[in-house]
Amino acid sequence: MEKVRVNVFFIWFLSGICFALEIALVHPSSPISLDDFTPFGEDNGDVLMPSQLDAISDKINIRTAFPLFGRKFTSLYVSSHGLISFEKVFASYKPKRFSPLVGNFTIIAPFWADVARRYIGGIFYRQNNSQYLLEVASIDVRKAFPEFSRFSAIWMFVATWKNVTFYGSHNNYMTKNITNTFQSVLLTDGRYSFVRFNYHKITWTTGTTSGGNPKNGLGGTEAGCGFNAGFGNHSYNVAFNGYRNISVLDLPFKTNVNKSGVWMFRTDGITIQEAKGKVEDKPRNVTVSPSHLVLNETETLTLTCDASTNPAGNYSWSLNGKILEGKTNRVLTKDNITAQDAGEYICTVTHTFGADTSNKAVIYIRYIGNAVCSAPASANEGDLMVLNCSAKGYPPVSYTWTTPDKVHQRPIASIPATADLNGVTVTCKATNKIENSTCTRSLTVYYKPYNIQVSPTSVVLNEKESINITCSASANPPGEYSWSFNGNVLDGETDKVLAKRDITRDEAGEYRCMATNSVGSGASNTSVVKVLFAPFTFSATFRLTSREYQQEFNDKNSPSFNKLKDEIEKEVFIYFFCAACPLQTRIIGWGVSISPWAKPRLVTT
């Protein structure tokens, strides 16, 4: 349903003179950014227009009269419909060609259309108080109009329509992001005046009341861009329904000052004059080609930087964020490249009015660096040892760890520490499609003593002979030794060799070695030592009934002993015992009394 409004004016028949000066058109890849707008918003002191349909500002009294079409104006109004009117309100929401309009309405219109400020939109305006912004704007005027080389503005008015959508879109949620952003800047030094239109984004042209498509805001009677004097037959059209082969959709991509999206006009005279010069802009559309490249070491790298710049810019290059000294040409060339030349290259173009940087050109160099291995300095038996391997390279690097019992196809290998790995060298091989690189590590494993052996394990000696019993053990760190004899620790014996000199029958028995380190301990097998000694003579005296016998015996099988044994075997029981001596003599008889620590004496009872 068409919204109901009261239209207070009518169109006159087409008439008047429109100065169709040729416009220098450019087609950049993108229009100006919001950073190139004159600063706006409430943070900059702007008034935010109320969010309502067909909104119009209160009357704004101009601090310095603004010259326009040969007259001077002292007040203005900002309309939500993309225009500024002078002295009186202009309420129409249906755009028409300026040719001129009936009703003596004086208008400056950057984008006259049926604007519905919805969703994220905002309309801002202010009279500028910044001397800095006045000077910046004056510089642009002097460049665009070289004959006004001394122009210095004393008054500025800024009106900005940000992200505004078309009437009818508020009924269609899917169209809420079809928005336009544009700005009008008015300047005067009290005598001369200039107007600048800035266009960041124009995506729709028509509200539904002017025949626009409710789905996209296109078609019907497009928005108008231009000026209307409001008296006589003076007006000026910049763009309206293809006038001068310019659609309002083109406004962000074309210009009359060689700066896309920027349009400048002199407005104080009876007729509107377009800019004759160029407004230098910071470099734009800076690109590096190729943006992706793969090379081998020793080859030559060539990159080219292109930019839209006026005046000509100065070039610099950076690699991974670091400026490349001496590289100041548009074409960057590097011979005999190495792996250090790989990374992200950026070109920066700079001149008096600013700078801009390019996209990142990513350069890959095929190579493989030295493999780097790491392993624990040491590990105790039973611990888990983690082996790490790394190598820089392109294409991506694969890794192989080789250990005594297994091949690990990965950069990190975990192996249990065992005694047999002590002193073993493990190897990592890093490989890509270019070549390979290896590194090694020697392993240190601490383990308790094992395989503890004594030598000899059995020996027979005569008294007064000597022997060395040697203990051997496998251990890391090396073990400390101790010895035992028949289960008793031998004090002071801490060498791996136990030396016995002039051995006696008392030192015959079992010997063991103990090995101990910081990890643990263990015991050896036994070494059995036997000691032989010569027979010895002893005598026995005994009394039997009325007779006393005394006899020396050298051997229990001697005839004399046997004779005596035969005589008394029925009556006497005798033990002959010598401590630590194999000789034993037994006679069956009566009771016996023997002292084994002295020369035996056998006495009957």
Residue under evaluation residue 206, criteria (1) of a type in the set (S, T, N, Q); (2) buried (at least 22 other Cβ atoms within 10 Å of the Cβ); (3) out of contact with any Asp or Glu (no Cβ under 8 Å at 6 or more places or on another chain), criterion not met: (3)
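Return the total of residues in region 377-396 being assigned to a loop (DSSP other than H, G, I, E, B), in contact with a Ser or Thr (Cβ under 9 Å, 6 or more places away or on another chain) and closer than 21 Å to residue 437 by Cα.
Within region 377-396, residues that are assigned to a loop (DSSP other than H, G, I, E, B), in contact with a Ser or Thr (Cβ under 9 Å, 6 or more places away or on another chain) and closer than 21 Å to residue 437 by Cα number 1.
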Test result for residue 69, at positive phi, aromatic (Phe, Trp, Tyr), touching a Ser or Thr at 6+ places or on another chain (Cβ under 9 Å) and touching a residue at least 24 places away in the same chain (Cβ under 8 Å): yes
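In the set 496, 464, which member is more than 30 Å from residue 423 (Cβ to Cβ) and among the charged types (D, E, K, R)?
None of the other options fit; the residue is 464.
If I ask for residues that are assigned to a loop (DSSP other than H, G, I, E, B) and hydrophobic (A, V, I, L, M, F, W, C), which ones from region 66-87 would you list?
69
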Residues satisfying the stated conditions in region 392-406, i.e. modelled with pLDDT of 95 or more and either touching a helix residue (DSSP H, G or I) at 6+ places or on another chain (Cβ under 8 Å) or surrounded by 19 or more Cβ atoms within 10 Å (Cβ to Cβ) (or both): 397, 399, 401
Spans of strands (runs of 3 or more DSSP E) in region 436-490 with at least 1 residues within 58 Å of the chain's Cα centre (by Cα) and surrounded by 15 or more Cβ atoms within 10 Å (Cβ to Cβ): 436-442, 445-455, 467-476, 480-485
Any hit, region 39-61, residues being at pLDDT 90 or above, among the aromatic types (Phe, Trp, Tyr) and in a strand (DSSP E or B): no
Matching residues, region 433-475, being of a type in the set (S, T, N, Q), in contact (Cβ under 8 Å) with a residue 24 or more places away in the chain and farther than 30 Å from residue 395 by Cβ: 444, 453, 455, 457, 458, 462, 466, 468, 470, 472, 474
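Looking at region 182-206, which of the residues that are among the polar types (S, T, N, Q) and over 18 Å from residue 274 (Cα atoms) is nearest to the chain's Cα centre (by Cα)?
203
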Cβ-Cβ under 6 Å pairs, at least 6 apart or on other chains, region 30-53 side under 27 Å from residue 358 (Cα atoms), far side among the hydroxyl-bearing types (Ser, Thr, Tyr): 31/260
Residues of region 124-150 satisfying the condition of being closer than 24 Å to residue 181 by Cα, modelled with pLDDT under 95 and not in a helix (DSSP H, G or I): 128, 129, 130
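Within the group 331, 386, 349, 362, which residue is under 30 Å from residue 423 (Cα atoms) and among the aliphatic types (A, V, I, L, M)? Full working, then the answer.
Numbers: 331 fails: under 30 Å from residue 423 (Cα atoms); 349 fails: under 30 Å from residue 423 (Cα atoms); 362 fails: under 30 Å from residue 423 (Cα atoms).
None of the other options fit; the residue is 386.
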Residue check for residue 35: in contact with a Gly (Cβ under 6 Å, 6 or more places away or on another chain) and at pLDDT below 95: no
Verdict on residue 504 being at pLDDT 95 or above, β-branched (Val, Ile, Thr), at negative phi and over 59 Å from the mean Cα position of the chain (by Cα): no
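Being without any contact (Cβ under 8 Å) to a residue 24 or more places away in the chain, within 22 Å of residue 297 (Cα to Cα) and among the aliphatic types (A, V, I, L, M) narrows it down to one residue among 319, 324; which is it?
On the way: 319 fails: without any contact (Cβ under 8 Å) to a residue 24 or more places away in the chain.
From the options 319, 324, the qualifying one is 324.
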Qualifying positions in region 320-347 - assigned to a strand (DSSP E or B), in contact with an Asp or Glu (Cβ under 9 Å, 6 or more places away or on another chain) and either more than 14 Å from residue 293 (Cα to Cα) or among the hydroxyl-bearing types (Ser, Thr, Tyr) (or both): 347
Matching option when the condition is at positive phi and modelled with pLDDT of 90 or more, among 207, 211: 211
Qualifying residue in region 237-256 (condition: under 28 Å from residue 116 (Cα atoms), without any contact (Cβ under 8 Å) to a residue 60 or more places away in the chain and part of a strand (DSSP E or B)): yes
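The values are calculated or read from the model by the stated rules, or taken from the named source; none is laboratory data. Given the structure is predicted, the values throughout are model-derived calculations rather than measurements. Cβ atoms come from the backbone with ideal geometry, glycine included; neighbour counts cover every protein chain shown.
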